[in-house]
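Report on the following structure.
The values are calculated or read from the model by the stated rules, or taken from the named source; none is laboratory data. Not measured: the values here are computed from a predicted model. Using ideal geometry, Cβ is built from the backbone for each residue, glycine included, and neighbour counts are taken over all protein chains shown. In case anyone asks, the SASA skips ligands and DNA or RNA and just uses the protein heavy atoms, side chains included. Shrake-Rupley method; radii C 1.70, N 1.55, O 1.52, S 1.80 Å.
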Amino acid sequence: MENAEAEPSDSRPEEDDAAPRSGFSPPEQPVAAAATMEDCLAKKMEITVSEAEKRTGRNAMNMQETYTAYLIETRAVESQGEGQCAPVDSLWRRYSEFELLRNYLSVTYPHIVVPPLPEKRADFVWHKLSADNMDPDFVERRRIGLENFLLRVASHPVLCQDKIFYSFLTQEGGWKEMVNETGFQLKADSRLKALNATFRVKNPDKRFTELKHYSDELQSVISHLLRVRARVADRLYGVYKVHGNYGRVFSEWSAIEKEMGDGLQSAGHHMDVYAASIDDILEEEEHYADQLKEYLFYAEALRAVCRKHELMQYDLEMAAQDLTSKKQQCEELATGTVRTFSLKGMTSKLFGQETPEQREAKIKVLEEQIQEGEEQLKSKNLEGRDFVKSAWADIERFKEQKNHDLKEALISYAVMQISMCKKGIQVWTNAKECFSKM
Amino acid sequence: MSGGAAGAPKPLPSSGPKSLREMPHPLATSSSEEMGPALTPSPDLLLPRSIADKDLSLPNGTPVDTSSPASSSSLLNRLQLDDDLDGETRDLFVTVDDPKKHVCTMETYITYRVTTKTTRAEFDLPEYSVRRRYQDFDWLRNKLEESQPTHLIPPLPEKFVVKGVVDRFSEEFVETRRKALDKFLKRITDHPVLSFNEHFNVFLTAKDLNAYKKQGMALLSKMGESVKYVTGGYKLRSRPLEFAAIGEYLDTFSLKLGTIDRIAQRIIKEQLEYLVELREYGPVYSTWGGLEVELSEPLEGVSACIGNCCTALEELSEDMTEDFLPVLREYILYSESMKNVLKKRDQVQAEYEAKLEAVALKKEDRPKVPTDVEKCQDRVECFNADLKADMERWQNNKRQDFRQLLMGMADKNIQYYEKCLTAWESIIPLLQDKPETK
């Protein structure tokens, strides 16, 4: 009998080129081929989160609470557009429902890097930004973030086909019950189990290990970046605003001057303009920060996929180990030799050997278990390889998306800086001209 | 009466300072007046005399009737005419440069080279080069205040610096001081009365200034510093409107300058704090670049760009500290000393009015006004004339100085933004660049 082994998980997955299957946690709908970009829901349907509204209601503990509801509007895109638009459907959802949706997707598609939600609480704020969740600016940026989330899911080749997602967008009532009926919470892996697996797994796919390190570092560096950026914004705000004081004092000074007065006065006005300009500049920059934040949270999604792999691999290794020990036991019973220490062996030594019938029975049970075990191992191996293959496909897709998006973000950041410099040159040139007329 | 023949007393210009071409070379004549600083200002001297001088006469020799105010104003008019020719017909050029550190047993100090180029008769040679330290400038200023109390003496940069906070020997400090000392001498040079002051002459020419200082009053005009103003006992009832206006103006002016100084300092402080954050911000992009593959170059580019902005900002703050703030402070000091001159003028007027009252009370029948009261009246009127002339000159110079100063400030800011603009524009192509191979 050979030692059953967990197949090394870094074998090339050449065989399966079927659509990524979620064979390990069967979804509610029939497995479909991944949609191509053209078939994505995003192409067929316009999705917007168009409004946010403050609501009051009663929470689970029957206490009054205030929350924000977001209006999701959808409209079918007519392929033969004649200018006639389909009617708009809309429904209201609150943040916790978005969370529920995302949890469902994460559990149901563990091999997918699931798009993250915008932050729950305002983080990385500098003094002018409010940390209050009800603050209108925060709500507005969250609205945009939620819309972005829906668009990401709708453009994902696998996720866009999910029925629960579709219902989220279109079915106002009873959606929560529908989600809960899928029983996805039961499939969720416990954190403890995942942690245990991370520590004990012996032979994970090296690519996933590397990816895990990468996502840890990415999270760390983007956090650092966002923190410092917030401080930079704070300081820059201070520099601009202090210039506003020039406006007032130039005005007062110009009152006592004859020839210099006009020049001073008008220069002072430009200083006011300069001081005021920083508000818009920094507001725009918050969008850049939000783009970075999305990828900060994406790092967590990447890690989740790695964790799932480790869990599966650990499971596999455990199953293989279990099978091996059972086979050994069987062999020992059959040959009567005790190769390894076991309690049974000790007790039989102490209390006498079993009867041949007892031994036969035991061997039979073991052989059945071994049979089962081998089948399970085989399917686990298959699952593992499927997972790795489909996960890696999505990771590659994600990498390209990330590189593209971040490049765009950097370009838009540079453009913002250029615009800021040009405004600065403009204002100071105007001021200089006023001074020259003194 | 233009340039005289050799042998005749050096003809001083009677209609404004002569251009260099028309001036005879001082060595061309063998006048006895060559031996040293003139003891008596020549009657041909156009420019208004110091109050110490009893003889007031117009260039053509007609004595001025100082008892009528009209004469002072005609003097004023004459002055203004001459000021207009200033620019083209300068005959005295002074520069302060070449700071050097001297280390002696007792102390360490800095000397500056004072270079003079002139065609004026008061100077034996056309060129002088001497070394002076701050003490010497301070001495000069005190002497000028004593000997020309009716005139506005330009300020010196601050005498004392807090040891430990400012490095007295740092390049920046020495350079700032040098510029201020240069400005000080240039202002005196441009002044039609002060530039002919004997102490000024000695300052520019003497090899051993200390010996001269010790000699005290020996070589000086008998009409020199002996004029003391009686302080105390005389209280001015009311300042004449025009001087009250000047006083009020100076009060508000120095107040506003003080505010501007504080604002400028605050801006520099905020900029430096902004710089600190930027210095941490840039390198984070670099760290991130180390994590990435395709994004590595764009991220490095952004990091370098921010580094360039840091350098530009540092230069801006340095410039403001070295060029902007000292000039503001100079003018605040200037205002203070001007207010003191106004007070002295009040004293002189008070004395005159008191003496006049005393005479009136004696109830003599129409005596001729006693000479000492007449002298007082002279003093008042000369003081007023000098002060008004100086105020006007000061106002003009102030306008030019501030025009230049503020345009300079605007310029520096423009340059800062231009440097940043260049940096950001140059990385756009880098960011947009698509890698060749996928």
* Asked: If you look at just the Cα atoms of chain A, how large are its Rg and its Dmax in Å?
  -> 31.1, 122
* Asked: Counting partner chain Cβ atoms within 10 Å of every residue's Cβ in B:399-406, what's the average?
  -> 5
* Could you tell me the distance between the Cα centroids of segment A:199-220 and segment B:369-389, to the nearest Å? => 94
* Structure fact -> Distance in Å, no decimals, from the C-alpha centre of segment B:105-135 to the one of segment A:260-301 is 52
* Mind checking how much accessible area B and A bury in total, 1.4 Å probe, in Å² rounded to 100? -> 5500
* Structure fact -> Spelling it out for A:Arg94: with amide H atoms placed in the peptide plane at 1.01 Å from N, the residues 5 or more places away or on another chain with amide H under 5 Å from its amide H are A:Tyr70
* Solvent-accessible area per residue, Å², over segment B:90-215 with all protein chains present [probe radius 1.4 Å] -> 47
* Unsatisfied cross-links (Cα-Cα over 19 Å) in the set B:Lys213/B:Lys375; B:Lys256/B:Lys398; A:Lys44/A:Lys389 -> B:Lys213/B:Lys375; A:Lys44/A:Lys389
* Asked: What whole-number value in Å² describes the accessible area per residue of segment B:237-432 for a 1.4 Å probe?
  -> 46
* Structure fact -> So A:Glu99 and A:Lys44, fully extended at 0.36 nm per residue minus their Cα-Cα distance, gain in nm 17.4 nm
* Most mobile listed residue (A:Pro136, A:Pro356, A:Pro118) in chain A, GNM with C-alpha springs under 10 Å -> A:Pro356
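Out of segment A:168-275, which GluC sites (Glu not before Pro) are coil in DSSP terms and have no more than 13 other C-beta atoms within 10 Å?
Values: sites: A:Glu172, A:Glu177, A:Glu181, A:Glu210, A:Glu217, A:Glu252, A:Glu257, A:Glu259; in loops: A:Glu172, A:Glu257, A:Glu259.
Answer in residue order: A:Glu172, A:Glu259.
Could you check how much of the accessible area of segment B:90-215 is carbon and sulfur, as a whole percent, using a 1.4 Å probe?
The nonpolar share, carbon plus sulfur, comes to 53 percent.
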* **Where labels lie 7 Å past Cα in the beta-carbon direction, separation of B:Glu171 and A:Asp280 in nm** => 4.1
* Structure fact -> From DSSP H assignment alone, runs of 4+ in chain A each adding -39500 (n - 2.57), the sum over residues rounded to the nearest 500 puts [θ] at 222 nm at -22500 deg cm²/dmol
* To do: Run the accessible area of segment A:273-332 with a 1.4 Å probe and give the carbon-and-sulfur part as a rounded percent.
  => 49
* To do: Keeping all protein chains in place, calculate the accessible area per residue for chain A (probe 1.4 angstrom), answer in Å².
  => 52
* Structure fact -> Residues meeting the amide H criterion for A:Ser155 (H placed from the backbone, H to H distance under 5 Å, 5 or more places apart or on another chain) are A:Ala42
* To do: Heads up, I need the accessible area for B:Thr108: 1.4 angstrom probe, whole protein in place, Å², nearest 10.
  => 50
* Asked: Taking A:Lys128 as the anchor, which lysines have their alpha carbon closer than 17 Å to its alpha carbon, excluding any fewer than eight residues away along the same chain?
  -> A:Lys241
* Asked: Using the alpha-carbon centroid of each, what span in Å lies between segment B:279-358 and segment A:104-168?
  -> 46
* Report ³J(HN,Hα) in whole Hz for each residue of segment A:224-230, in order, from the Karplus equation J = 6.51 cos²θ - 1.76 cosθ + 1.60 where θ = phi - 60°; Gly and Pro get x. => 4, 4, 5, 5, 5, 4, 4
* Can you list the lysines whose alpha carbon sits under 19 Å from that of A:Lys43, skipping same-chain ones fewer than 8 residues off? -> A:Lys163
* Structure fact -> Cα-based Debye curve of segment B:237-432 sampled at q = 0.09, 0.15 Å⁻¹ gives log₁₀ I(q)/I(0) of -0.58, -0.96
* **Cβ-based net charge around B:Leu250, under 12 Å, with every Lys or Arg adding one and every Asp or Glu removing one** => +1
* To do: Mind checking which lysines have their Cα closer than 19 Å to the Cα of A:Lys327? Skip sequence neighbours fewer than 8 apart in that chain.
  => A:Lys344, A:Lys362, A:Lys364, A:Lys378, A:Lys380
